[in-house]
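The values are calculated or read from the model by the stated rules, or taken from the named source; none is laboratory data. Note that this is a predicted model, so its numbers are computed, not measured. Don't worry about glycine lacking a Cβ; one is built from the backbone with ideal geometry, like all the others, and counts go over all protein chains shown.
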Amino acid sequence: MKHLRIIVPVVATVGLTVGAIFLATWLVGLVPAGTWSELIKAGIIIFVIVCALVIIAWSAYFTYIIRRDIEAGRTEKEE
């Protein structure tokens, strides 16, 4: 059970990273050739990376809040 606290976030982060890579590759492949194509591709890649980082940060904060509330509930029951 102790290892679960480490394994679940690592698996989720790896899954999100792999998903972001596949999403960026797929979206970049949809951009037609043209004058602005390289800028659009770069924008897509930056957008996908920023979204992935925001999701990871939000989930870490959410996990922190849940853990804090659970621990606060435990201390109230012990009193």
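Among the residues of the stretch 34-52, just one is without any contact (Cβ under 8 Å) to a residue 12 or more places away in the chain, within 15 Å of the chain's Cα centre (by Cα) and surrounded by 12 or more Cβ atoms within 10 Å (Cβ to Cβ), namely Phe47. If the condition is being in a helix (DSSP H, G or I) and either charged (D, E, K, R) or in contact (Cβ under 8 Å) with a residue 24 or more places away in the chain (or both), then the stretch 59-79 contributes Ser59, Ala60, Thr63, Arg67, Arg68, Asp69, Glu71, Arg74, Glu76, Lys77, Glu78. Yes or no: the stretch 63-72 includes at least one residue that is among the small types (Gly, Ala, Ser) and within 25 Å of the chain's Cα centre (by Cα). Checked the stretch 63-72: no residue is among the small types (Gly, Ala, Ser) and within 25 Å of the chain's Cα centre (by Cα).
Scanning for something surrounded by 12 or more Cβ atoms within 10 Å (Cβ to Cβ) and modelled with pLDDT under 90, does the stretch 18-29 turn up at least one residue? So far as the stretch 18-29 goes, no, none of its residues is surrounded by 12 or more Cβ atoms within 10 Å (Cβ to Cβ) and modelled with pLDDT under 90. Listed by first and then second residue, the pairs with beta-carbon distance under 6 Å, at least 6 apart or on different chains, first residue in the stretch 5-17 and farther than 19 Å from Ile66 by Cα and assigned to a helix (DSSP H, G or I), second at pLDDT 85 or above and not β-branched (Val, Ile, Thr), are Leu16/Ala52. None of Ile46, Ile56 is closer than 23 Å to Thr13 by Cα, assigned to a helix (DSSP H, G or I) and modelled with pLDDT of 90 or more except Ile46.
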